[in-house]
Amino acid sequence: MKSKVKGLRIVEINEIAKRYKAYSGHDSDNTMIADMRKLNLSIKRELKGVKGCNIAIVGHMVQELNIKPDICVTIRASPSILFKRQKARGYHVSKIKENIVSEAVDYCGEGASKRCKLHFEVETEEEKRELISYISELMKHGKLAKRLSAPKSVERLKASKDMMAEFLKFIKRNNIGL
């Protein structure tokens, strides 16, 4: 993937898994099953010798990799948006359910916040643009805040409860059994 931010190289985990055949097969939904040992080696191989630029590793498995990024960004989506998006992509209903549950419990965000020096969660396009601008400024000045990501605020905890409530309503409304 080409970056719009100067000095940033984007590495897509799924592309690396495909290119290096870092998967052990496919599950019943025809989704790749990542071979984490091979994937970690493949990412290291891909990044070997990369100098003079910042690297963004994109994918929902960042928290599973043996890397410690400086910054992690988790892009959130409401269950209804996630359902529509993944249905349009042709995902099997069981895979959509799995992803909605992961979103509702903030699996990726929680894992990323433990691995990164700075962790951000965004949902709207405006939040994404603001964050890209902020990260661009950090990169321009070559400085990264020395603090760990702040613990989740009361607002974030409230948002998690709201997400879970929306998740439960969504399941009832759409008659989706887990």
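The values are calculated or read from the model by the stated rules, or taken from the named source; none is laboratory data. Note that the coordinates shown come from a computational prediction; the quantities given were computed from them, not determined experimentally. Cβ: placed from backbone, ideal geometry, glycine included. Neighbour counts: every protein chain shown.
Overview of values
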quantity	calculated
Filter result (touching a strand residue (DSSP E or B) at 6+ places or on another chain (Cβ under 9 Å) and closer than 15 Å to Val58 by Cβ) within region 17-32	Ala17, Lys18
Strands (runs of 3 or more DSSP E) wholly inside region 1-106 that include at least 3 residues being of a type in the set (A, V, I, L, M, F, W, C) and farther than 30 Å from Leu138 by Cα	32-34
Restricting region 29-56 to residues that are surrounded by 12 or more Cβ atoms within 10 Å (Cβ to Cβ) and of a type in the set (Gly, Ala, Ser), the residue that is nearest to Ile75 (Cα to Cα)	Ala56
Inter-residue pairs, beta-carbon under 9 Å, first farther than 25 Å from Glu110 by Cα and without any contact (Cβ under 8 Å) to a residue 40 or more places away in the chain and in region 46-74, second in a loop (DSSP other than H, G, I, E, B) and among the aromatic types (Phe, Trp, Tyr), 6+ apart	Glu46/Tyr20
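Each row is one residue, and each column tells you yes or no for (1) at pLDDT below 85; (2) over 25 Å from Lys21 (Cα atoms); (3) within 16 Å of the chain's Cα centre (by Cα).
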residue	(1), (2), (3)
Gly49	yes, no, no
Lys68	yes, no, yes
Ala77	no, yes, yes
Gln86	no, no, yes
Arg89	no, no, no
Val93	no, yes, no
Lys97	no, yes, no
